[in-house]
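Visitor: I have a structure here, written as structure tokens, and I will follow up with some questions on it.
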Amino acid sequence: MAAFRDMEEVSQGLLSLLGANRAEAQQREVTLTACFTQLTRELEELKETEASLERQEREVDEDTTVTIPSAVYVAQLYRQISKIEWDYECEPGMVKGIHHGPSVAQPVQLGSTQLSKKFISDYLWNLVDTDW
């Protein structure tokens with residue numbers, strides 16, 4: 001009988017340990033499931049961000065293959081027509097450069113904060129030689 005009681009106590013102890021282990025395993029499963037769900041959400045957000053960046057990259061590539069060359073062409077065309085060599089490093093609020101006229105080169109220095117855009121435009125176009 002004593003042996004039977006000892007076996008019963010050992011069995012109860014084992015059942016108690018198994019129950020505790022099962023509860024721990026269930027808690028770990030809940031935690032891991034929550035982590036998995038969070039990581040899945042983050043992965044989806046990263047995929048969306050990646051797709052957005054790829055779209056932006058394609059748009060930038062299109063801009064650089066179309067817009068920049070055409071802008072360079074227009075700038076070169078304006079330079080050939082106006083014969084003005086611009087000083088791109090002048091201080092903000094200044095329009096500065098050198099106009100290479102038919103007989104002499106003359107500096108151009110206009111304060112865009114004091115003069116209207118129309119006045120500056122008219123002044124610069126008046127420098128252009130109309131004898132073609």
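Visitor: Taking Cα atoms, how many degrees apart are the long axis of helix 117-127 and the longest axis of the chain, rounded to 10 and kept between 0 and 90?
Guide: 50 degrees
Visitor: Only one of the values (i) 15.7, 47; (ii) 39.3, 128; (iii) 31.9, 115 was calculated from this structure for Rg and Dmax of the Cα atoms in Å; name its label.
Guide: Matching entry in (i) 15.7, 47; (ii) 39.3, 128; (iii) 31.9, 115: (ii).
Visitor: Now, a different point. Describe numerically, in nm with one decimal, the distance between label points set 7 Å from Cα along Cα→Cβ at VAL74 and at PHE119.
Guide: Output for this residue pair reads 2.7 nm.
Visitor: Turning to a different aspect of this structure: Post the alpha-carbon centroid distance, the stretch 107-126 to the stretch 1-80, in whole angstrom.
Guide: That distance is 58 Å.
Visitor: Report the net charge of residues surrounding SER112, where surrounding means a beta-carbon distance below 12 angstrom and charges are Lys +1, Arg +1, Asp -1, Glu -1.
Guide: Value of the local net charge: +2.
Visitor: Cross-link candidates for LYS118: which lysines have Cα within less than 25 Å, leaving aside residues fewer than 8 places away along the same chain?
Guide: The reachable lysines, counting only those whose Cα sits under 25 Å from LYS118, are LYS83, LYS96.
Visitor: Any chance you could run the full-extension gain for ALA20 through GLU8? It's 0.36 nm times the residue separation minus the Cα-Cα distance, nm to one decimal. It would help to have the intermediate numbers written out before the result.
Guide: Details: separation 12, 0.36 × 12 = 4.32 nm, distance 1.82 nm.
Contour length minus Cα-Cα distance gives 2.5 nm.
Visitor: Which value in nm describes the separation of the simple spin-label points at LYS83 and GLN27, placed 7 Å from the Cα toward the beta carbon?
Guide: Taking the two extended label points, one gets 8.9 nm.
Visitor: Could you put MET94, MET7 in order, starting from the residue whose Cβ has the fewest other Cβ atoms within 10 Å?
Guide: MET7, MET94
Visitor: Follow-up. Taking H as built 1.01 Å from N, whose amide H comes closer than 5 Å to the amide H of ASP87, not counting residues under 5 places away?
Guide: LYS96, GLY97, ILE98
Visitor: Using a basic spin-label model with each label point 7 Å from the Cα along Cα→Cβ, how many nm lie between LEU39 and ALA105?
Guide: Each label point lies 7 Å from its Cα, and together they span 6.7 nm.
All of the numbers you see were taken from the coordinates with simple rules; none came from a lab. Keep in mind that this is a model prediction, so the values were computed, not measured. Heads up, the Cβs are rebuilt from the backbone with ideal geometry, glycines too, and the neighbour counts pull from every protein chain shown.
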